[in-house]
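A.B. asks: I have a structure here, written as structure tokens, and I will follow up with some questions on it.
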Amino acid sequence: MIISQISLSYNFYIIIIIIIIIISYNHIIIMASSTIAALKISAAKPPKSSFSGHLKTLNFPKLPLPHHALPPFNLHYRSSCSIASSGIKAQVATIGQPIVESTKNVDGPVVIVTGASRGIGKAVALALGKAGCKVLVNYARSSKEAEEVCKEIEASGGQALTFGGDVSKEADVESMIKTAVDAWGTVDILINNAGITRDGLLMRMKSSQWRDVIDLNLTGVFLCTQAAAKLMMKKRKGRIINIASVVGLTGNIGQANYSAAKAGVIGFTKSVAREYASRNINVNAIAPGFIASDMTAKLGGDMEQKILQNIPLGRYGQPEEVAGLVEFLALNPAAGYITGQVLTIDGGMVM
């Protein structure tokens, strides 16, 4: 009797479960049918919308790359460029990345080189001009030499103009910047190269000798950098290269004024690099050693021998070697992560 009751209860539950399954299945079938019918109606009669007829022609703007993803200027280093009729076809290789090709019509960056009529300044102006830059050749007194530099740049297919002015005077600096802006619209690169020497032992040095060197070699760098950086900050890009000296690192007998000025340029470079880094402006200094010049050519044999004994490479540097380093820092995308540095180019004198 007990077994019979258990069997009936079990059959009753089985029947209840089957009924629930059947009801659920029918409900699913009904919902699916309704959905399919609704989709057919929607496909046959699309709803009206304010976007109807415009979706195919809607163009979304291309977002610009972050500043750090862009090359510093629309000009690549000479060793990675090939000029084509449609513009500049550049191939830039980076570590761990494939070569990227791009073709653009570009204008060269605008460069101001102070003290550019002779020596290192001349070599720098020629190198940057031949690399495709628009170069303002600043000079103080050597107008004829400055004109020759411009002619040589133009003969190579570049653009150049001269400006006579004393960079230790604020009015002259403002006029120089205005000349570049009036001609080419901006200033992208500044090379602070102008400098003088007024050598003498400290005990005999006149205050005028001190002031002349400090005013041009240090204050001139301050005035030019301040004026050019105003333009660079607005664009959030720029490169400033200050020509210092190994004497600013080591000192030298008879050059207290010159050593102080060049040491000041080094400290100034590091401070300005920190201030302007957030604006994507790179600021570096180059400290040349003994570079072949009119002055070194006049040295006697004994004096020259003593100098060369202190240079591990055993020779003077050439202005073109300094210009090559300036060109790298000014134009090469690989120099984009270098700022606040002092690079010596001295044949190994300071190491």
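Since every read-out is calculated from the coordinates, none of them should be taken as a lab result. These numbers were taken from a predicted model, which means no experiment stands behind them. Ideal geometry is used to build each Cβ from the backbone, glycine not excepted, and the neighbour counts take in all protein chains shown.
A.B. asks: How much length, in nm to one decimal, is gained on full extension between ALA171 and ASN252, taken as 0.36 nm per residue of separation minus their Cα-Cα distance?
C.D. replies: Between ALA171 and ASN252, full extension yields 25.9 nm more.
A.B. asks: Moving on. Grab the other residues whose beta carbon is less than 12 angstrom from that of GLY115, score K and R as +1, D and E as -1, and report the net.
C.D. replies: +1
A.B. asks: Further, regarding this structure: Please give the FRET efficiency for ALA334 paired with ARG274, using the beta carbon to beta carbon distance and R0 = 25 Å, rounded to the nearest 0.05.
C.D. replies: Efficiency at R0 = 25 Å is approximately 0.70.
A.B. asks: Name the residue from TRP210, VAL149, GLY264 whose Cα lies farthest towards the positive end of the charge dipole of the stretch 110-345, charges +1 on Cβ of Lys and Arg and -1 on Cβ of Asp and Glu.
C.D. replies: GLY264
A.B. asks: So, in nm, how far is label GLU304 from label LYS235 when the simple model puts each one 7 Å beyond its Cα toward the Cβ?
C.D. replies: Result: 4.3 nm between the two label points.
A.B. asks: Skipping prolines and chain starts, which residues have an amide H placed within reach, meaning under 5 Å, of the one on GLN159, given they are 5 or more residues away or on another chain?
C.D. replies: VAL135
A.B. asks: Oh, and also: Tell me, TYR316, TYR258, TYR337 in order of fewest to most beta-carbon neighbours within 10 Å?
C.D. replies: By the 10 Å Cβ count, ascending: TYR337, TYR316, TYR258.
A.B. asks: Okay, next question. 5 Å is the cut-off here: which amide hydrogens, built 1.01 Å from N in the peptide plane, fall below it relative to LEU343, excluding neighbours closer than 5 in sequence?
C.D. replies: Hits under the 5 Å cutoff: ALA285, ILE286, ALA287.
A.B. asks: Report the net charge of residues surrounding THR225, where surrounding means a beta-carbon distance below 12 angstrom and charges are Lys +1, Arg +1, Asp -1, Glu -1.
C.D. replies: Value of the local net charge: +1.
A.B. asks: Compute, for the stretch 167-295, the length of the dipole vector about the Cα centre, with Cβ point charges of +1 (Lys, Arg) and -1 (Asp, Glu) only. Units Debye, rounded to 20.
C.D. replies: Around 480 debye, computed over the stretch 167-295.
A.B. asks: Here's another thing I want to ask about it. How many angstrom lie between the Cα centre of the stretch 272-311 and the Cα centre of the stretch 177-204?
C.D. replies: 16
A.B. asks: Let me ask you something else. Under 12 Å from the Cβ of GLY165, count the other residues' Cβ atoms, weight Lys and Arg +1, Asp and Glu -1, and hand me the total.
C.D. replies: Every neighbour counted, the sum reads -1.
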